[in-house]
1. Do any residues in the range 2-21 that are under 20 Å from VAL71 (Cβ atoms) have Cβ atoms under 6 Å from those of residues that are part of a helix (DSSP H, G or I) and open to solvent by 50 Å² or more (accessible area, probe 1.4 Å), where the two are at least six apart or on different chains, and which pairs are they?
2. Given the options ALA40, ALA23, name the one that is more than 21 Å from ALA116 (Cα to Cα) and under 10 Å from the mean Cα position of the chain (by Cα).
3. Any idea which of GLY30, GLY57, GLY3 is over 22 Å from GLU128 (Cβ atoms), open to solvent by 30 Å² or more (accessible area, probe 1.4 Å) and of a type in the set (Gly, Ala, Ser)?
4. Please go through the range 39-59 and pick out each residue that is in contact (Cβ under 8 Å) with a residue 24 or more places away in the chain and either among the β-branched types (Val, Ile, Thr) or assigned to a strand (DSSP E or B) (or both).
5. Just name the residue that is least open to solvent (accessible area, probe 1.4 Å) out of those in the range 60-92 that are among the aromatic types (Phe, Trp, Tyr) and part of a strand (DSSP E or B).
6. Would you confirm whether or not the range 37-48 contains a residue that is β-branched (Val, Ile, Thr), open to solvent by less than 60 Å² (accessible area, probe 1.4 Å) and modelled with pLDDT under 95?
7. Taking the range 109-134 as the search range and keeping residues that are of a type in the set (S, T, N, Q) and in contact (Cβ under 8 Å) with a residue 12 or more places away in the chain, which one is least open to solvent (accessible area, probe 1.4 Å)?
8. Can you tell me which residues in the range 93-122 are assigned to a helix (DSSP H, G or I) and of a type in the set (A, V, I, L, M, F, W, C)?
Amino acid sequence: MTGKEHDEHVERIWELAKRIGIAMFVTWDGKEQRARPLAATVEKDEGAIYFLTDVNGEKDQQIAEFPHVSVSFADHKHAKFVALSGKATVSNDRPKIRELWNPFAKAWWDSPEDPAIRVIKVVPQDAELWDSPGRIVTTISMLAAAVTGRSPKIGENAKVIL
């Protein structure tokens with residue numbers, strides 16, 4: 001892959017993660033992986049993805065012991081997927097919590113001043129992108145490939161270091 005292609009893939013990864021917004025956040029507890037959906041705030045300029053979380057969850061302890069996590073974004077309707085892995089940290093950074101506060105957070109906490117809120121920061125190290133033109137185009141391409149014996153053209157797939 002050329003430098004330009006790499007940069008385009010990296011740009012698309014950040015763009016899709018931000019647009020999709022909800023991620024499966026995966027931690028390791030020493031025995032098993034644990035996954036849960038979380039609302040993400042994607043900050044490409046900071047090279048980070050943030051999540052508001054509750055201090056009472058298991059995530060904090062898992063991240064403290066095993067900081068390497070996976071974060072996956074999926075837009076099934078449009079066949080677009082991003083999987084990231086990187087290092088996570090948990091903090092009680094009150095200014096950052098206030099900055100990240102949004103109406104979605106109101107479903108879990110009364111205000112950004114709630115003492116139970118924590119912020120998880122993930123700095124992705126690498127990512128994989130699947131960017132298809134959509135289900136209909138992909139299906140037609142796969143059917144055409146079955147008839148012609150040629151490989152289907154079902155979109156971009158790239159593994160990149162961030």
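The values are calculated or read from the model by the stated rules, or taken from the named source; none is laboratory data. Since this is a predicted model, take the numbers as computed values, not measurements. So basically every Cβ, Gly included, is an ideal-geometry build from the backbone, and we count neighbours across all protein chains shown. The area values use the complete protein model at the heavy-atom level, side chains included, leaving out ligands, DNA and RNA. Shrake-Rupley method; radii C 1.70, N 1.55, O 1.52, S 1.80 Å.
1. Hits for this filter: TRP14/LYS44.
2. Matching residue, one of ALA40, ALA23: ALA23.
3. None of the others qualify; the one that does is GLY30.
4. Hits for the range 39-59 are ALA39, THR41, VAL42, ALA48, ILE49, TYR50, PHE51, LEU52, THR53, ASP54, VAL55.
5. Step by step, filter the range 60-92, then rank; the result is PHE73.
6. Taking the range 37-48 as the starting set, the residues that turn out to be β-branched (Val, Ile, Thr) are 41-42.
With open to solvent by less than 60 Å² (accessible area, probe 1.4 Å) added as a condition, the list becomes 41-42.
Subsequent filtering for residues that are modelled with pLDDT under 95 retains none.
No, that holds for no residue.
7. SER132
8. The initial filter retains those residues of the range 93-122 that are assigned to a helix (DSSP H, G or I), namely 94-100, 105-107.
Hits for the range 93-122 are ILE97, LEU100, ALA105, ALA107.
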